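Have a look at the structure below before the remarks.
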Amino acid sequence: MSTAPRIEAAKRDWGHDETGCTILHIDMDAFFASLEIARHPEFRGKPVIVGTGNRAVVSAASYEARKYGINSAMPAARAHQLCPNGIFLPVDHHYYSAVSHEIFHTVFREVTDRIEQVSVDECYMDVSGALLAWHSPTRIAQWLRAQVAERFGITCSVGIAGNKLVAKMASTNAKPNGMLLIPLDKHAQFVQLMPLRGIPGLGPAQEKRLNAWGINSVSQLARCSVEELIQATGSKAAATHLWEASHGIDPCTLTLHAPEKSIGQERTFDTDCNDLATASTLIKQCCDKVASILRAKGLMARTLTVKLRFPDLAYSTKQMQLEQPTDAASTLYPHAIDLLLRMMGMPADCRGTEVKLTRPIRLAGISTSTLTKREETVIQPTLDELLEENERVAPMPQASSSIPSPANGTRSTRLRCAEEAVDQIRRKFGQDSAHLGA
Ligand SMILES: [Mg+2]
């Protein structure tokens, strides 16, 4: 929960020139409190405080609670005094990080994998490479905000600028539930509206030190030379950083994470699942999701793992190597069901709506690994595909390329094209707008 100062005058239209503004800072609004409200709609519009107990501190407070002067890191007992009728809830880190993971992997990473995750609810995104497909940073920000709101019932704020510093200051001032684009030629003007503490990382000790030199705002800071700031701060590095920040300059680039080793999805059943049809439906949804993430990231997977969790919380997993790398749910799904049946000790031809599982399950999921980049993956047709091609009337070129063509491909490449079409529909109309059929 951010306590950075916001300036009303900063939350205005700064112009629409997006040239060079390829850094987004995305920050969930009152994340923990918003998630509690999302799963308890009856709390909407009420002061919700996450953090309870004698020795606890406040981890998050809804915007209604903040009106009572409640802030993060305040002792919960003090918050109780300020807002005796507030709704105080215990911290549920497991739930918050599970939703966070889902937001990052199913929304943010649909746009790009050039993401620096700063915390459970905050990240920087470099969209320069994504502009070819998405056209404008503002459009990306609008899509991200709409997806997070629609699918998770919470809001986020986005700052769009030419560097991390200004993007972060922009998202802070866009809050709550807002978006702020700061064109390159307005960077200096924008940051110079702020109080000293508006510069991320400038703490009370440094503020006091600068105050002692008669520097009380970012605009005063901007009028100092680096030499004067060295005198004020006693450090060349700090002085240079402050001088640059006061002019809206930030040379820092994103710190990106190592490439992913696996992509998976798992879901818990509302009540323990006893029948094959329900389990299959859930596994199909997981395959659909995983395949669409693989395609969005341009990855192919060679290894498939099915994971089950039972009512006693015991885990079981089973893994297989696929005949060829894939990013298609239509390929993953039948193999995932085979694995499920083997884990259950059930015959491979077991299908149908009435079939009971040998053991109830609480959670099911799949994950894919041995990932390679799609453009670097050569796909040899399988024996079945070669036979299928031979049976066709017209002579067909061999499907040895990794790029499928709907007109002349094998059954599996045609199915994959259908899934790509579903991706496009979802991108345009939302995740729930289209589903894979049987
Ligand atoms: Mg936040």
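The values are calculated or read from the model by the stated rules, or taken from the named source; none is laboratory data. In this text, all values refer to a predicted model and were calculated from it rather than measured experimentally. A quick note on method: Cβ atoms are made from the backbone with ideal geometry, for glycine too, and the neighbour counts reach across all protein chains shown. Protein only, heavy atoms only, side chains kept; ligands, DNA and RNA dropped before computing areas. Shrake-Rupley method; radii C 1.70, N 1.55, O 1.52, S 1.80 Å.
State, as an integer percentage, the relative contact order of region 1-116 based on alpha-carbon contacts under 8 Å between residues 6 or more apart.
Working: 129 pairs, mean separation 25.3, N = 116.
Relative contact order here is 22 percent.
Give the value in nm², to one decimal: projected area of the alpha carbon convex hull of the chain, averaged over all directions. Present the calculation step by step, with values, prior to reporting the outcome.
On the way: hull surface 104.5 nm².
Spelled out: convex hull of the Cα atoms, projected over all directions, averaged, 26.1 nm².
Enter the per residue convex hull volume of region 107-230, computed from alpha-carbon coordinates, in Å³ rounded to the nearest integer. Numbers along the way, then the final one.
Working: hull volume 15.5 nm³, N = 124.
In region 107-230, the Cα hull volume divided by residue count equals 125 Å³.
How much mean residue ellipticity at 222 nm does the chain get from its helices, if each DSSP H run of length 4 or more adds -39500 (n - 2.57) and you divide by all residues, to the nearest 500 deg cm²/dmol?
Working: 16 runs with 166 residues, N = 438.
After summing the helix terms and dividing by residue count, I get -11500 deg cm²/dmol.
Counting C-alpha atoms alone, how compact is region 189-329: give Rg to one decimal and Dmax as a whole number, in angstrom.
Final numbers for Rg and Dmax: 27.3, 74 Å.
What nm distance separates the two modelled labels at Cys350 and Glu244, each placed 7 Å from Cα along Cα→Cβ?
6.1
Can you tell me the length gained on complete extension of the stretch Asn85 to Thr317, counting 0.36 nm per residue apart and subtracting the Cα distance? Could you put the intermediate results ahead of the total?
Numbers: separation 232, 0.36 × 232 = 83.52 nm, distance 4.68 nm.
Working it through step by step, the gained length comes to 78.8 nm.
Rounded to the nearest 10 degrees, what's the angle between the helix 276-297 long axis and the longest principal axis of the chain, both from Cα atoms, 0 to 90?
Long axis of 276-297 versus the principal axis of the chain: about 60 degrees.
Work out the FRET efficiency for Leu193 and Ala133 from their Cβ-Cβ distance, taking R0 = 35 Å, and round it to the nearest 0.05. Don't skip to the end; give the middle numbers.
Values: r = 34 Å, r/R0 = 0.98.
Efficiency for this residue pair is about 0.55.
Hey, any idea what % of region 84-187's accessible area is carbon plus sulfur with a 1.4 Å probe?
Values: 2010 of 3870 Å².
Ligands and nucleic acids excluded, carbon and sulfur give 52 percent.
Any chance you could look up the accessible area of Lys284 with a 1.4 Å probe, heavy atoms only, rounded to 10 Å²?
About 60 Å², rounded to the nearest 10.
In degrees from 0 to 90, rounded to the nearest 10, what is the angle of the helix 137-152 Cα long axis to the longest principal axis of the chain?
It works out to around 70 degrees.
Ignoring everything but the protein chains, give the 1.4 Å probe accessible area of Ser34 in square angstrom, nearest 10.
So the heavy atoms of Ser34 present about 20 Å² to solvent.
Enter the angle in degrees (range 0 to 90, nearest 10) between the Cα long axis of helix 411-429 and the first principal axis of the Cα atoms of the chain, meaning the one along which they spread out most.
On a 0 to 90 degree scale, this one is about 30.
Under a no-solvent Debye model with one identical scatterer per Cα of region 192-246, what's log10 I(q)/I(0) at q = 0.13, 0.26 Å⁻¹?
For region 192-246, the Cα-only Debye profile gives -0.23, -1.05.
Whole number in Å², please: accessible area per residue of the chain, 1.4 Å probe, ligands, DNA and RNA not counted.
Numbers: 21480 Å² over 438 residues.
Result: 49 Å² of accessible area for each residue.
For region 112-179, what is one quarter of the convex hull surface built on the Cα atoms, given in nm²? Write out the running numbers ahead of the final one.
Working: hull surface 17.9 nm².
Taking the Cα atoms of region 112-179, their convex hull projects to 4.5 nm² on average.
What's the percent breakdown of Cα-Cα distances in region 33-93 across 5 Å bins, shortest bin first?
4, 23, 37, 23, 11, 1
Once neighbouring chains are kept in place and the probe is 1.4 Å, which whole percent of the accessible area of region 192-246 is contributed by carbon and sulfur?
Numbers: 1510 of 2870 Å².
The nonpolar share, carbon plus sulfur, comes to 53 percent.
What is the distance, in nm, between label points placed 7 Å from the Cα along the Cα-to-Cβ direction at Leu254 and at Asp423?
Once both label points are built, they end up 1.8 nm from each other.
Give me the aspartates and glutamates in straight-line cross-link reach of Lys236: C-alpha distance below 15 Å, same-chain residues under 8 apart excluded.
Cα-Cα hits under 15 Å: Glu227, Glu228, Glu244.
Under a 10 Å cutoff between Cα atoms, tell me which one of Ser217, Ser367, Ser235 has the largest fluctuation in the Gaussian network model of the chain.
Looking only at Ser217, Ser367, Ser235, the largest GNM fluctuation is found for Ser235.
Treating cross-link reach as a plain straight distance, find the lysines whose alpha-carbon is under 17 Å from the alpha-carbon of Lys67, omitting any fewer than eight places away in the same chain.
The reachable lysines, counting only those whose Cα sits under 17 Å from Lys67, are Lys46, Lys175.
Averaging sequence separations of C-alpha pairs under 8 Å and six or more residues apart, then dividing by the length of the chain, give the relative contact order as a whole percent. All intermediate terms of the calculation are to be shown ahead of the outcome.
On the way: 790 pairs, mean separation 59.1, N = 438.
Normalised by residue count, the contact order of the chain is 13 percent.
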